[in-house]
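Trainee: Take this structure first; my questions come after.
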């Protein structure tokens with residue numbers, strides 16, 4: 001894919017070497033959704049506030065056609081909401097009585113810790129707890145857009161299409177535990193493993209065990225069911241407006257990015273995950289050489 005981008009770029013440059021080349025930068029947002037073929041206990045919802053920033057060149061070819069190679073940083077992801085009712089609902093923590101192993105009357109006393117007795121003051125109840133998951137995937141991404149501008153003097157419209165290739169550089173997954181009503185906190189005080197008090201279900205469970213991988217890195221496979229491949233590729237389709245300025249040109253750009261590669265990195269599964277994304281950006285291009 002990278003070699004194809006390079007060959008097309010060299011060919012375009014040799015086609016019309018005297019054309020005015022533009023350089024510039026873009027900044028915007030990239031709302032995204034991960035499309036799951038099979039997601040038994042969660043429903044995927046968009047992640048809206050994802051940044052995108054990049055640099056690019058616009059190389060005119062002929063009659064309003066140009067190519068636009070780009071390199072950009074972009075974040076994609078999804079918010080996975082747990083089903084809390086119905087057949088798909090699956091509690092990560094089952095409802096029941098739990099033992100804090102600390103006395104609420106004398107939290108700091110050593111003799112009350114690890115003594116093997118569940119005093120009444122050391123017990124608390126938990127409801128069924130469900131796991132909401134937020135996934136963020138950061139990429140360095142190469143685009144090669146083929147653009148056609150409808151000439152309109154200093155203002156105009158354009159359409160564009162082209163392939164893109166993404167390489168993952170970092171990732172972050174975060175789980176939040178909620179009860180059947182979707183609340184993150186308890187109405188009563190809960191006891192952390194260090195004897196401090198909390199009302200937050202997620203903080204409570206983190207203090208007792210690391211078995212659930214509530215914080216994880218999807219590219220590294222810390223959480224097997226939510227493991228993703230680092231590379232992605234697909235097609236981008238876009239349109240926008242441009243306006244000529246004294247020292248360059250301003251673009252208002254919108255794109256749809258349609259991932260073609262299965263990025264599910266979970267071992268021994270045929271289930272597919274593909275990225276779906278929008279990009280809304282402002283771009284400023286200035287002529288190379290003034």
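Trainee: Checking the condition within 17 Å of residue 137 (Cα to Cα), surrounded by fewer than 17 Cβ atoms within 10 Å (Cβ to Cβ) and touching a residue at least 40 places away in the same chain (Cβ under 8 Å), which residue from 231, 277 passes? Full working, then the answer.
Mentor: Values: 277 fails: surrounded by fewer than 17 Cβ atoms within 10 Å (Cβ to Cβ).
Matching residue, one of 231, 277: 231.
Trainee: Which one of the conditions (1) surrounded by fewer than 21 Cβ atoms within 10 Å (Cβ to Cβ); (2) more than 15 Å from residue 52 (Cα to Cα); (3) touching a helix residue (DSSP H, G or I) at 6+ places or on another chain (Cβ under 9 Å) does residue 171 fail to meet, given that it meets all the rest?
Mentor: Single failed check for residue 171: (1).
Trainee: Can you give me the number of residues within segment 251-268 that are in a strand (DSSP E or B) and farther than 18 Å from residue 72 by Cβ?
Mentor: 1
Trainee: If you go through segment 228-250, how many residues are at pLDDT 95 or above and outside any strand (DSSP E or B)?
Mentor: 2
Trainee: If you don't mind, another one. Within segment 184-216, take every residue that is assigned to a loop (DSSP other than H, G, I, E, B) and out of contact with any helix residue (DSSP H, G or I) (no Cβ under 7 Å at 6 or more places or on another chain) and give me the one that is nearest to residue 39 (Cα to Cα). Quick ask: steps written out before the conclusion?
Mentor: At the first step, the residues of segment 184-216 found to be assigned to a loop (DSSP other than H, G, I, E, B) are 184, 192-196, 209-214.
Within this subset, residues satisfying the condition of being out of contact with any helix residue (DSSP H, G or I) (no Cβ under 7 Å at 6 or more places or on another chain) are 195-196, 209-211, 213.
Numbers: 195: 37, 196: 36, 209: 25, 210: 23, 211: 21, 213: 18 Å.
This residue is 213.
Trainee: Out of the residues in segment 271-290 that are more than 21 Å from residue 45 (Cβ to Cβ) and touching a strand residue (DSSP E or B) at 6+ places or on another chain (Cβ under 9 Å), state the one that is modelled with the lowest pLDDT. Break it down into steps so the answer makes sense when it comes.
Mentor: First, pick out the residues of segment 271-290 that are more than 21 Å from residue 45 (Cβ to Cβ): 281-290.
From what is left, the residues that are touching a strand residue (DSSP E or B) at 6+ places or on another chain (Cβ under 9 Å) are 281-288.
On the way: 281: 98, 282: 98, 283: 97, 284: 97, 285: 96, 286: 94, 287: 93, 288: 88.
Per the stated criteria, the residue is 288.
Trainee: Checking the conditions here, which among 219, 124 is under 30 Å from residue 260 (Cβ atoms) and either more than 23 Å from the chain's Cα centre (by Cα) or not in a strand (DSSP E or B) (or both)? Full working, then the answer.
Mentor: Working: 124 fails: under 30 Å from residue 260 (Cβ atoms).
Exactly one of 219, 124 is under 30 Å from residue 260 (Cβ atoms) and either more than 23 Å from the chain's Cα centre (by Cα) or not in a strand (DSSP E or B) (or both), namely 219.
The values are calculated or read from the model by the stated rules, or taken from the named source; none is laboratory data. Quick caveat: nothing in here was measured; it's all calculated off a predicted structure. No Cβ is skipped: glycine too gets one built from the backbone with ideal geometry, and neighbour counts run over all protein chains shown.
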